[in-house]
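The values are calculated or read from the model by the stated rules, or taken from the named source; none is laboratory data. Being a predicted model, the structure only gives us computed values, none of them experimental. Don't worry about glycine lacking a Cβ; one is built from the backbone with ideal geometry, like all the others, and counts go over all protein chains shown.
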Amino acid sequence: MVNTNICKRIKRKIGYQVYHRYSLCFETETDGFIYGEITDPFDFVEGCTFDDGFVQAPNGSRASVIWEVSEKPYLYTCIELEDDGWGVYNVGVVKPIKTREDLIFID
């Protein structure tokens, strides 16, 4: 388990955003919110059934997202909102992600 106090101090000291080295998928932009990939969901022939990423808000702040395929869609908080972050959220989607369009139009 990561000590969040250490992470916060490092972030303040070096000035990096959370997930600063991971790319944003600009095609997913909706009302200024953009999905960012931590792992590549397009490396799977049959489609990706789970992944982790983040969502960047219009002000540049970010929330972690852990998603998986499930029978019914869901969204719940895994780690609560903190002073310097939006927290971590678990999301259920109903079909594997095979293409960028699947990522953009998640049911």
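Of the residues in the stretch 76-84, at least one is within 30 Å of residue 98 (Cβ to Cβ) and at pLDDT 90 or above.
Do we have any residue at all in the stretch 35-44 that's exposed (fewer than 11 other Cβ atoms within 10 Å of the Cβ), modelled with pLDDT under 90 and among the charged types (D, E, K, R)? Checked the stretch 35-44: at least one residue is exposed (fewer than 11 other Cβ atoms within 10 Å of the Cβ), modelled with pLDDT under 90 and among the charged types (D, E, K, R).
Restricting attention to the stretch 53-96, the residues that are buried (at least 18 other Cβ atoms within 10 Å of the Cβ) and assigned to a loop (DSSP other than H, G, I, E, B) total 1.
Condition test on residue 102, is it at pLDDT below 85 and either exposed (fewer than 12 other Cβ atoms within 10 Å of the Cβ) or over 16 Å from residue 52 (Cα atoms) (or both)? The answer is no for residue 102.
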